[in-house]
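J.: Structure below; questions to follow.
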Ligand code: ADP
């Protein structure tokens with residue numbers, strides 16, 4: 001919903017100089033955390049995430065095990081220094097919700113049913129927050145899982161889209177997110193063209209939502225190429 005009326009688009013350019021359909025500069029590196037089975041650092045502009053994955057490994061205590069499937073656990077956490085005003089450490093409602101949606105976005109690509117009684121753990125740590133942390137986290141988590149060798153149908157690729165000052169945009173930064181008329185978190189399985197996350201805050205017409213979903217798909221395909229490149233880089237350099 002329109003939270004304020006501040007001007008975020010001037011002469012067709014956004015506050016960081018981008019055009020409406022432009023992603024921020026993206027950096028991805030796989031293999032960041034030595035002790036993890038798989039890990040990745042992903043930055044979209046000033047938003048920086050480190051994700052690490054552990055498993056598949058036998059789940060203890062035993063009563064948590066599922067006899068016919070493995071389980072995925074995800075934890076999203078913002079570092080106290082990741083935002084302007086120190087964030088109190090520990091889980092809160094927002095991080096519990098985001099942990100859940102990250103898990104739901106990733107589960108469809110993992111062959112969990114082939115691993116009864118096991119767990120795969122994914123930790124998504126926000127090092128610096130400037131908008132779109134959940135989608136950046138999904139991209140990083142997906143790379144970490146792939147590096148860990150967790151059997152997957154494909155990567156999951158994610159980006160945000162939204163509306164500011166009546167204009168449809170991709171990849172919202174923090175200021176845009178806080179002042180948007182609408183923002184949408186989107187994730188998909190590129191090879192299957194299937195959506196695994198769709199969350200919307202604010203108001204959009206049906207036509208605007210359709211247009212935004214198209215923009216999200218197009219930009220996810222660009223991000224997917226960067227994800228594949230980051231994975232190949234890792235194994236080229238080893
Ligand atoms: P997302 O980061 O996935 O877009 P939100 O819409 O909840 O999720 O948050 C938007 C942005 O608001 C974050 O990326 C971050 O820049 C900022 N933000 C979130 N929580 C806090 C907080 N506790 N303190 C300061 N800024 C925050």
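J.: Does anyone have the angle between helix 206-237 and the longest principal axis of the chain? Alpha-carbon axes, 0 to 90°, nearest 10?
T.: Relative to the chain, helix 206-237 is tipped by roughly 50 degrees.
J.: To the nearest 10 degrees, how steeply does helix 93-106 sit against the main Cα axis of the chain, on a 0 to 90 scale?
T.: With both axes taken from Cα atoms, the answer is about 70 degrees.
J.: How much FRET efficiency would the formula 1/(1 + (r/R0)^6) give for residue 86 and residue 114, where r is the Cβ-Cβ distance and R0 is 45 Å, rounded to 0.05?
T.: On the way: r = 43 Å, r/R0 = 0.96.
Step by step, r from the Cβ atoms, then E = 0.55.
J.: Quick check: from the Cα gyration tensor, does segment 1-59 come out rounded (a/c under 1.5), prolate or oblate? Can you show the working numbers first?
T.: Working: a/c = 4.63, a/b = 2.58, b/c = 1.80.
The shape class here is prolate.
J.: Compute the acute angle (0 to 90°) between the alpha-carbon long axis of helix 133-147 and the principal axis of greatest extent of the alpha-carbon atoms of the chain; round to the nearest 10°.
T.: That works out to roughly 30 degrees.
J.: Report the full-extension gain for the segment residue 201 to residue 100: residue separation times 0.36 nm, less the Cα-Cα distance, to one decimal in nm. Write down the numbers at each step before the final one.
T.: Values: separation 101, 0.36 × 101 = 36.36 nm, distance 1.70 nm.
So the chain would gain 34.7 nm between residue 201 and residue 100.
J.: Rg and Dmax of segment 119-164, using alpha carbons, in Å: what are they?
T.: 12.2, 41
J.: Across the Cα atoms of segment 142-225, what radius of gyration and what greatest pairwise Cα-Cα distance (Dmax) are found, in Å?
T.: Considering segment 142-225 through its Cα atoms, Rg and Dmax are 13.8, 44 Å.
J.: While we're looking at this one, here's another question. log₁₀ I(q)/I(0) of the chain at q = 0.15 Å⁻¹, via Debye over equal Cα point scatterers, no solvent, to two decimals?
T.: -1.00
J.: Contour minus end-to-end for residue 221 and residue 19, with contour as 0.36 nm per residue of separation and end-to-end as the Cα-Cα distance?
T.: Details: separation 202, 0.36 × 202 = 72.72 nm, distance 1.85 nm.
This chain segment gains 70.9 nm when fully extended.
J.: Can you tell me what share of the DSSP beta bridges in the chain is antiparallel? A percent to the nearest 5 is fine. Each step should come with its number before you reach the end.
T.: On the way: 44 of 52 bridges.
So the antiparallel bridges amount to about 85 percent of the total.
J.: Residue 79 to residue 235: extension gain in nm, 0.36 nm per residue of separation minus the Cα-Cα distance? Mind showing how you got there, number by number?
T.: On the way: separation 156, 0.36 × 156 = 56.16 nm, distance 2.95 nm.
The residue 79-residue 235 span can extend by a further 53.2 nm.
Each reported figure results from applying straightforward, stated rules to the coordinates on display, with no laboratory input. Treat the numbers as computed from the prediction; the structure is a model and nothing was measured. Virtual Cβ from ideal backbone geometry, glycine too; neighbours counted across all protein chains shown.
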